[in-house]
Amino acid sequence: MKSSEHTSDFILTAEKTALVIIDLQHGLAVMPVAPRTFDEVVDRTAHLAESFRQKKSHVIWVRFDFHNFRRLVVDQAMIDPNAPPFPPESVEIVPEAGKRPDELLITKRFWGAFDTTTLEAELHKRGVDTIVLCGISTDIGVESTARSAATLGFNVVVAEDATSARNMETHLNAIEQIFPFLGRVRSASQIEAALV
């Protein structure tokens, strides 16, 4: 992934930046994703989160409530009428992601992490003006959150190699066509290097 800015021009102030991790939970662990597997995204995110902790930055987790989600009127062909209900653990963050007990967990009932949640207030309370997004999936949870964040006035950075989507086409569309108009797209290593 080419960057439009040199690494030396990309600086993130640790105390004003939050890593917002989207939907690394059991209910999505079995979903096929590309270009990276779920486990690869989890591994990259866990490493990124540790870098944020070391710089005394903020790490915030977001999960989707499969049991109480806000229903939409959608194309019925998109719904499997024979799908079993989600098990209780579907909403839990996978342990491999490394969430710590003292780190904020936001539960959402729709695609974006700001919709009917306290995320905006929690970020303002912590003095955050920039969010770094990663997780599953690039074109749904991550993109919806990025759009809202930009609308609310937050600076947005997407960790491209710590995201994945339903397929390569939808991932690349978000990365190449959507996110550059909302903020910046960087690799996890670039983000780690920029955090001061």
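Here are some notes:
- For region 97-118, a residue qualifies if it is surrounded by 14 or more Cβ atoms within 10 Å (Cβ to Cβ) and among the charged types (D, E, K, R), and the qualifying residues are Lys99, Glu103, Lys108, Arg109, Asp115.
- Number of the exception - Ser90 against (1) surrounded by 17 or more Cβ atoms within 10 Å (Cβ to Cβ); (2) in a loop (DSSP other than H, G, I, E, B); (3) of a type outside the set (Asp, Glu); (4) modelled with pLDDT under 95: (2)
- Filter result for Val62 (at pLDDT 75 or above, crowded, with 16+ Cβ neighbours inside 10 Å, within 22 Å of Gly127 (Cα to Cα) and under 19 Å from the mean Cα position of the chain (by Cα)): yes
- Exclusive hit being touching a residue at least 24 places away in the same chain (Cβ under 8 Å), farther than 15 Å from Leu19 by Cα and not acidic (Asp, Glu), set Thr151, Thr107, Thr118: Thr107
- Number of the condition not met by Leu172 [criteria: (1) part of a loop (DSSP other than H, G, I, E, B); (2) surrounded by fewer than 18 Cβ atoms within 10 Å (Cβ to Cβ); (3) of a type outside the set (Asp, Glu)]: (1)
- Pairs with Cβ under 8 Å, 6+ apart, first in region 49-63 and closer than 16 Å to Leu24 by Cβ, second part of a helix (DSSP H, G or I) and charged (D, E, K, R): Val59/Arg53; Ile60/Glu122
- Enumeration of residues in region 156-188 that are of a type outside the set (Lys, Arg) and out of contact with any helix residue (DSSP H, G or I) (no Cβ under 8 Å at 6 or more places or on another chain): Asn167, Met168, Glu169, Leu172, Glu176, Gln177, Pro180, Phe181, Ser187
- In region 130-155, residue modelled with the lowest pLDDT [restricted to those that are surrounded by 15 or more Cβ atoms within 10 Å (Cβ to Cβ) and part of a loop (DSSP other than H, G, I, E, B)]: Ser137
The values are calculated or read from the model by the stated rules, or taken from the named source; none is laboratory data. As the structure is a computational prediction, the values presented were derived from the model and not from experiment. All Cβ positions, even for glycine, are placed from backbone atoms using ideal geometry, and neighbour counts span all protein chains on display.
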